[in-house]
Each structure stands twice: as C-alpha cells, then as structure tokens.
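Q: Following this message is one structure expressed as structure tokens.
No value in this document is a laboratory result; all are computed from the given coordinates. Fair warning: this is a prediction, and the values are worked out from it, not measured in the lab. Virtual Cβ from ideal backbone geometry, glycine too; neighbours counted across all protein chains shown.
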Amino acid sequence: MKRWIGSLATGVVLFTLVSLATASTPAVQGEISGVEVCIQSVCGAAVFTGTFKGTVGGNPTVGFFWAAVQHEPLPNPGSSAALLSGRWNIATPGHTFSGQVVGGSIFNNGDNTFKIDTALKITRGGSGLIDVAGILNHNTFPPTIEATLSQP
C-alpha cells in the first residue's frame, strides 16, 4: 500500500512538472525587439515595448509586444538577480496573447548588457509556456531589448 501511494505521488509530481513545461498552444516562436520605456524605480516595473516577428501556429506574422517586469536590484558584473513577476502581451493581426512572467534571471555581462532568461505563461489567447532568452543593452538610451521566443 505504501509503495502504491508513493508511486501515485511520484506520478502526480511528474504530471504536474510536464504540464508546467508544456509548449504554448498555439505555438508562438520568433523574436522581439524593443526599448525600455520606464525603469522599475519609477514605474514599479521595468516596462518594455516593441515589435514581434515570428510564427503563430506555424504561420509567419508580425506584431507588437509590451512587458512590465519586476526584478531584484540589477546585479553586479558577473552576478545574477531574479526576475520576480510581471505581465506581458503580444498582438498580431490574427492573435492576441497575454499572461504572466513566471520567474527567470538577469545576468550582468560586465559590459553594461544583461542576459535575460525567463518564461511567459499564456493566460489569454492560448495556453502553455514560451521561453525567452535575450539581451538587455544599457549602452544606449533608451535601453534596448532583443530576445528570442521559443518553445520549452
């Protein structure tokens, strides 16, 4: 009986982890390119806006994005800080997706650029997760963001 309960518990945990790591439906992949329009100390979140170029459900499309992300204080060179939470939106001619930023990290590259890794949970327009990997560049004003969106 104990072995059966242990196996059931393990199965539930694995099912939950697989469910959390599910690619988005429809599949959203591509690139975002934009600027930081407001810093966290002023707006309560780092706010970004720009363009999206990629595919939705395998069909090429373009559109716009915005994101508002809360993070720990920017890290020192060679260190990371946590991305804590946030909201985001991608709008294309045929689809609108929005949801939550679900953690991640910001790594200081030591040259006034930061490596960004996070996941976007879709809560409107579909379901699942979109992985984001990119560079935040503080060498320009306003700071710029370039990132790739892919399926987990």
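Q: Once you put a point 7 Å from the Cα of Asn112 and another 7 Å from the Cα of Val62, both along the Cβ direction, what distance in nm separates them?
A: For the pair Asn112/Val62, the computed spacing is 3.0 nm.
Q: I'd like to know which of Phe107, Pro60, Asn76 lies farthest towards the positive end of the charge dipole of the chain, counting +1 on Cβ of Lys and Arg and -1 on Cβ of Asp and Glu.
A: It is Pro60, whose Cα lies furthest towards the positive end.
Q: What do you get for the angle between helix 2-20 and the principal long axis of the chain? Use alpha-carbon atoms, 0 to 90 degrees, nearest ten.
A: Once rounded, one gets 30 degrees.
Q: Considering Cα pairs under 8 angstrom that are at least six residues apart, work out the relative contact order of the chain and quote it in whole percent.
A: Taking the mean separation of contacting Cα pairs over the length of the chain, I get 22 percent.
Q: Along the positive direction of the dipole of the chain (beta-carbon charges: Lys, Arg +1; Asp, Glu -1; about the Cα centre), which of Thr140, Cys43, Gln151 reaches farthest?
A: Farthest along the dipole direction, towards plus: Gln151.
Q: Something else: Once every DSSP H run of n ≥ 4 in the chain is given -39500 (n - 2.57) and the sum is divided by its residues, what mean residue ellipticity at 222 nm do you get, rounded to the nearest 500 deg cm²/dmol?
A: Taking each H run of at least 4 residues, the total per residue is -4500 deg cm²/dmol.
Q: Something else: With Cβ to Cβ distances under 14 Å as the rule, what net charge do the other residues near Phe107 carry (K, R +1; D, E -1)?
A: -2
Q: Roughly what % of Cα-Cα distances in the chain sit above 21 Å, to the whole percent?
A: Tail of the P(r) past 21 Å holds 46 percent of the pairs.
Q: Treating the beta-carbon of each Lys and Arg as +1 and of each Asp and Glu as -1, no other charges, what is the dipole magnitude of the chain about its Cα centre, to the nearest 20 debye?
A: For this selection, approximately 600 debye.
Q: Sticking with this one: By the scheme Lys and Arg +1, Asp and Glu -1, what is the net charge of all other residues having a beta-carbon under 13 Å from that of Ser24?
A: +1
Q: Let me ask something else. Let me check the size of the stretch 19-101 from its C-alpha atoms; what are the radius of gyration and Dmax in Å?
A: Expressed in Å, the Cα Rg and Dmax of the stretch 19-101 come to 14.4, 41.
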